[in-house]
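Comments concern the structure below.
The values are calculated or read from the model by the stated rules, or taken from the named source; none is laboratory data. The model shown is predicted, which means the values in this text are computed figures rather than measured ones. With ideal geometry, Cβ positions are generated from the backbone for all residues, glycine too; neighbour counts draw on all protein chains shown.
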Amino acid sequence: MVMPLWDDSPLQLPKWPVVTWALLVANILVFIVQSAASPAMSAAFEAYAMTPAAVTGALIVSNGPSPYLTLVSSTFLHADIFHLLGNMIFLWVFGDDVEEAMGPLRFLVFYFGSGVAAALAFVAAAPHSTIPLIGASGAIAGVLAGYLMFRPCQKVLVFIPYFILWFVLRPVARLDAYWVLGGWAVIQLWHISVQSHDGVAYMAHIGGFAAGAILFPVLRYRTVRLFECIRAEAAP
């Protein structure tokens, strides 16, 4: 898997991506407070993680937030600094473009809609599980689907962490977005097929990605064309 660093796509509309920036700040602030919290406060944070058994009613939660609220609140919690940074880098690189394609309010609906769909996919895969789900990756997976439909041919600067690939590509390379994001989606499906047990919620990623692919055509501005560069290349 590669790590995106930057994309070559400048903003086309005279509006700053305020929702993308606000989500970045909110996630970072929550993590700072979560990391500095006392043991009692840490337990309170854990109550806002999404537990499938609590959502389906297989596990009765006597106190704490509603299990349905955790479908959203869990997207602001992260296990460690690396979990946070990985998610925020993807949001930083791709979020502003998707927000540009639909505006701030609809992007907010899109982001949390993808996050809720990701959590529900995780629930559907294991409805009686007591393993909590945390992290923004499900919502960000929806953002990746939106970017792939909006600017699939855009060049993305990526870092390639696997040493064996350095003989073929430089450690830092510029690749088309459809290779970066399409490859990401294939890796998620591969991990699901081999039933990886590495603590990563691959089913949530696929749920968020699918939700993003459904929501983006509905919420985008009517002037935004889907797969425009691919259509242009295919034209005679």
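Being closer than 16 Å to PRO132 by Cα, hydrophobic (A, V, I, L, M, F, W, C) and assigned to a helix (DSSP H, G or I) is the filter here, so list the residues in the range 201-215 that pass it. Walk me through it before giving the result.
Let us first name the residues in the range 201-215 that are closer than 16 Å to PRO132 by Cα, namely 201-205.
From what is left, the residues that are hydrophobic (A, V, I, L, M, F, W, C) are 201, 203-204.
The answer is MET203, ALA204.
Please find, within the range 125-143, the residue that is farthest from PHE94 (Cα to Cα) out of those that are modelled with pLDDT of 95 or more, among the hydrophobic types (A, V, I, L, M, F, W, C) and part of a helix (DSSP H, G or I).
ALA139
Taking the condition of being among the acidic types (Asp, Glu) and under 16 Å from ALA201 (Cα atoms), how many residues in the range 35-80 meet it? Can you show your working first?
Keep residues of the range 35-80 that are among the acidic types (Asp, Glu), which gives 46, 80.
Checking which are under 16 Å from ALA201 (Cα atoms) leaves us with 80.
Adding up the residues that qualify gives 1.
When you scan the range 80-88, do you find a residue that is assigned to a loop (DSSP other than H, G, I, E, B) and over 30 Å from TYR178 (Cα atoms), even just one? Don't jump to the end; show me each part of the working.
Taking the range 80-88 and keeping what is assigned to a loop (DSSP other than H, G, I, E, B), we get 80.
The next check asks that each one be over 30 Å from TYR178 (Cα atoms); those that pass are none.
Within the range 80-88 (the criterion being assigned to a loop (DSSP other than H, G, I, E, B) and over 30 Å from TYR178 (Cα atoms)), the answer is no, since none of the residues qualifies.
Name every residue in the range 67-104 that is more than 30 Å from LEU157 (Cβ to Cβ), small (Gly, Ala, Ser) and touching a helix residue (DSSP H, G or I) at 6+ places or on another chain (Cβ under 9 Å), in order of residue number.
Just the residues of the range 67-104 that are more than 30 Å from LEU157 (Cβ to Cβ), to begin with: 67-74.
Going one step further and asking which of them are small (Gly, Ala, Ser), we end up with 73-74.
Once the filter is applied, which keeps residues that are more than 30 Å from LEU157 (Cβ to Cβ), small (Gly, Ala, Ser) and touching a helix residue (DSSP H, G or I) at 6+ places or on another chain (Cβ under 9 Å), the range 67-104 yields only SER74.
Would you confirm whether or not the range 156-175 contains a residue that is at pLDDT 90 or above and farther than 15 Å from MET3 by Cβ?
no
What pairs can you find where one residue is in the range 114-129 and farther than 8 Å from ALA204 by Cα, the other is among the polar types (S, T, N, Q) and assigned to a helix (DSSP H, G or I), and their Cβ atoms are less than 6 Å apart, with a gap of 6+ or different chains?
GLY115/THR75; PRO127/THR56
Can we say LEU24 is outside any loop (DSSP other than H, G, I, E, B), under 22 Å from ALA177 (Cα atoms), within 14 Å of the chain's Cα centre (by Cα) and modelled with pLDDT of 95 or more? Please lay out each step first, then the result.
Numbers: outside any loop (DSSP other than H, G, I, E, B): yes; under 22 Å from ALA177 (Cα atoms): yes; within 14 Å of the chain's Cα centre (by Cα): yes; modelled with pLDDT of 95 or more: yes.
Considered against the rule, which asks whether it is outside any loop (DSSP other than H, G, I, E, B), under 22 Å from ALA177 (Cα atoms), within 14 Å of the chain's Cα centre (by Cα) and modelled with pLDDT of 95 or more, LEU24 comes out as yes.
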